[in-house]
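As structure tokens, the structure follows; a few thoughts come after it.
The values are calculated or read from the model by the stated rules, or taken from the named source; none is laboratory data. Since this is a predicted model, take the numbers as computed values, not measurements. Note that each Cβ is placed from the backbone with ideal geometry, even for glycine, and that neighbours are counted across all protein chains shown. Each accessible area value is taken on the protein alone, full model and side chains, heavy atoms only, with ligands, DNA and RNA left out. Shrake-Rupley method; radii C 1.70, N 1.55, O 1.52, S 1.80 Å.
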Amino acid sequence: METVILAVVIAVVVLGALGGLVVGSRRRKPLPPPPPAAPDITAPPAEPHVGDEAETPRDEPRRTIEEVDLPDGSAPVVVAEPAVPEAPAIEIPEPTAGRLVRLRTRLSRSQNALGKGLLTLLSREHLDEETWEEVEDTLLTADVGVQPTTELVDRLRERVKVLGTRTPDELRMLLREELLKLVGTEVDRTVKTEPEDRKPGIVMVVGVNGTGKTTTTGKLARVLVADGRTVVLGAADTFRAAAADQLQTWGERVGAHTVRGPEAGDPASVAFDAVKEGKEMGVDVVLIDTAGRLHTKTGLMDELGKVKRVVEKHAPLDEVLLVLDATTGQNGLIQARVFAEVVDITGIVLTKLDGTAKGGIVIAVQRELGVPVKLIGLGEGADDLAPFEPEAFVDALIGE
């Protein structure tokens, strides 16, 4: 019994000692530092907001509503109106009478290769077969065509044989006469724009891309205005970008109204509206510029025929002018044949004739189509489109 009591006493003493150690260790742990006192913070200057000044606002003297001078309403308030763009100045085109004569120097500068070449060959003392073959080659190179060349050489051989001695003046006169026969002097080359029973006259301009068709249409408007006619332009080339803008610019220069439609729109509709507005305005002539179509594309050529049929719901076409690039030579004849089948060509406009020595295309295209060359383009100037005059043209070919 005493042993048990002793064991209990020892256990109590041990537990008490352990408890003291635990309490002592807890008391020895460092306490957390007290929170620091809040520092004195100086607020930064306020940043300016929208409409505020960057500097610190200052007290400024202010005026009351009674101190402010207000308008009494006696003086009218003038509001500046926006500036209206000035209309382009109307140009006065150069008269067409004798225009080709005035441009003869420019034409002869590029065509003398044909005339001078022929005169040089015909001036030889002995005209043997080799010389005549050279004459044929010169004519064929100038795009006169095989059949016209054969006819011209045969007539020249006969007349030179009869003539005997040949002075330069005699040869020049001989060549002039024979060339005039081929070009034709009895053909009516007037651009038909004045039908007897109605107004306006209707002219449609057709051709392949790149021949200068739209430019030619604009220049033709200048020719008509120079002759005292009033004109409406129909921008039926809705497929080429800026074609309508280009045509309208040409029209504005001479005071001609331009009818146009949306880009890639129906060209027949634009042509129809142009004739309709031309009638309502009472103008003398309506010029219709069509899209430059490849003659090998059947669908596009059919569409050109549609434009013609739609326009003729108003009235028959007075002229269908085919624009050909003189530099294309015999290739232009292929184009001409196909266009003639579709829209019944009534006249030819030869462009870029000043840039080629192949003036014989005038003879070839007339022989091929049976229609006359009515206008020729002799440069980039606005008034470089001239009515075709056979005598002035042949004189330019053979020179002085």
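The alpha carbons of the range 135-279 give a radius of gyration and a Dmax of 22.4, 68 Å, in that order.
Note on the range 299-341: the alpha carbon radius of gyration divided by the globular reference 2.2 N^0.38 Å gives 1.36.
Take the cross-link list K306/K374; K181/K374; K192/K374 and give me the ones stretching past 20 Å between alpha-carbons. Intermediate values should be presented prior to the final figure.
On the way: K306/K374 25 Å; K181/K374 17 Å; K192/K374 10 Å.
Where the Cα-Cα span goes over 20 Å, the pairs concerned are K306/K374.
Overall shape of the range 348-400 was characterised from the C-alpha gyration tensor. The equivalent ellipsoid obtained from it has semi-axes of 17, 14, 10 Å, in decreasing order. Solvent-accessible area per residue in the range 192-323 equals 39 Å², computed with a 1.4 angstrom probe and all protein chains kept. Enclosing the Cα atoms of the range 117-198 in their convex hull gives a volume equal to 124 cubic angstrom per residue. In whole angstrom, the range 199-333 maps to an equivalent ellipsoid with semi-axes of 22, 17, 14, each derived as √(5λ) from the alpha carbon gyration tensor and ordered largest first.
Using 1/(1 + (r/R0)^6) with R0 = 25 angstrom and r between the beta carbons of R189 and N331, what's the FRET efficiency to the nearest 0.05? If you can, show how the numbers build up before the last one.
Working: r = 24 Å, r/R0 = 0.96.
According to the calculation, E is roughly 0.55.
Counting only the Cα atoms, the range 254-400 fills a convex hull of 135 Å³ per residue.
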